[in-house]
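The next block holds one structure in the form of structure tokens; read it before the comments.
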Amino acid sequence: NAGVTQTPKFQVLKTGQSMTLQCAQDMNHNSMYWYRQDPGMGLRLIYYSASEGTTDKGEVPNGYNVSRLNKREFSLRLESAAPSQTSVYFCASSGGPPETQYFGPGTRLLVL
Amino acid sequence: SQQGEEDPQALSIQEGENATMNCSYKTSINNLQWYRQNSGRGLVHLILIRSNEREKHSGRLRVTLDTSKKSSSLLITASRAADTASYFCATRAGANNLFFGTGTRLTVIP
């Protein structure tokens, strides 16, 4: 079991460029989440998907879009990257309502 | 805004000592969870305590919950250098979301 995997591990973008962060889980979990972590801010929820085919906004959704491609995969897209989106992005999954969440290793994104 | 807030922000202790960190939150919760994050890694779940529980143990971890004060504490006994990490509390208030605090950075000196 790989658990939760994320790609890429590190990315540098220029302002205005777009990119998609990929996340996959092999635990047959219904719920998946995208967070960003900034120094001194803890983790903030961007979007989540309670089940395949549904997505909902979290605390900081502006500038992001998501796709729940199937039960395993949940991607996060930045259409036009901004320096304020420089952060570490974590994907997580859980079996249902947020009991234990399992986290991926993170993607470090730098927007210049 | 975030639900949980940890205290202290940073804690440095000698190996073998106990480490206590606290979490305060703002609204009624279903459960409260503690996670650990090693530097440069993802978060790892440590323990979950439900709103109708007051204390829970897991190995060297002891968690308490006081819903009247909207606070929780995490005690790590007989700390080891490997316990060096950041510790986050997370609260579940609604159906689908967890709210994470800003974390306590623990350093255990060998």
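The values are calculated or read from the model by the stated rules, or taken from the named source; none is laboratory data. Given the structure is predicted, the values throughout are model-derived calculations rather than measurements. Here Cβ is always computed from backbone atoms with ideal geometry, including for glycine, and neighbour counts include all displayed protein chains.
Numbers at a glance
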{"read-out": "Within region B:48-79, tally of residues that are in contact (Cβ under 8 Å) with a residue 24 or more places away in the chain and touching a strand residue (DSSP E or B) at 6+ places or on another chain (Cβ under 6 Å)", "value": "11"}
{"read-out": "Residue in region B:99-108 that is in contact (Cβ under 8 Å) with a residue 40 or more places away in the chain, in contact with a Ser or Thr (Cβ under 9 Å, 6 or more places away or on another chain) and aliphatic (A, V, I, L, M) present", "value": "yes"}
{"read-out": "B:ARG50 vs. criteria of a type in the set (D, E, K, R), crowded, with 16+ Cβ neighbours inside 10 Å and either modelled with pLDDT of 95 or more or more than 20 Å from B:THR102 (Cα to Cα) (or both)", "value": "no"}
{"read-out": "Residue ID - farthest from A:LEU43 (Cα to Cα), chosen from residues in region B:7-35 that are more than 14 Å from chain A (Cβ to nearest Cβ) and not in a loop (DSSP other than H, G, I, E, B)", "value": "B:GLN14"}
{"read-out": "Sole residue being surrounded by 12 or more Cβ atoms within 10 Å (Cβ to Cβ) and within 12 Å of chain A (Cβ to nearest Cβ), chosen from B:THR84, B:THR102, B:THR77", "value": "B:THR102"}
{"read-out": "Residue satisfying all of: in region A:5-38; within 11 Å of chain B (Cβ to nearest Cβ) and not in a strand (DSSP E or B); nearest to B:SER39 (Cα to Cα) among these", "value": "A:LYS9"}
{"read-out": "Elements of type strands (runs of 3 or more DSSP E) in region A:50-112, at least 1 residues being β-branched (Val, Ile, Thr) and more than 10 Å from chain B (Cβ to nearest Cβ)", "value": "A:64-68, A:107-111"}
{"read-out": "Where B:HIS57 falls short, out of the listed (1) modelled with pLDDT of 95 or more; (2) part of a strand (DSSP E or B); (3) surrounded by 17 or more Cβ atoms within 10 Å (Cβ to Cβ)", "value": "(3)"}
{"read-out": "Test: residue in region B:59-68 that is over 11 Å from the mean Cα position of the chain (by Cα), within 13 Å of chain A (Cβ to nearest Cβ) and basic (Lys, Arg)", "value": "no"}
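Yes/no matrix, rows are residues, columns are (1) of a type in the set (Gly, Ala, Ser); (2) in contact (Cβ under 8 Å) with a residue 12 or more places away in the chain; (3) closer than 18 Å to B:GLN33 by Cβ:
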residue: A:GLY40; (1), (2), (3): yes, no, no
residue: A:SER49; (1), (2), (3): yes, yes, no
residue: A:ASP56; (1), (2), (3): no, no, no
residue: A:VAL66; (1), (2), (3): no, yes, no
residue: A:SER75; (1), (2), (3): yes, yes, no
residue: A:TYR89; (1), (2), (3): no, yes, no
residue: A:SER94; (1), (2), (3): yes, yes, yes
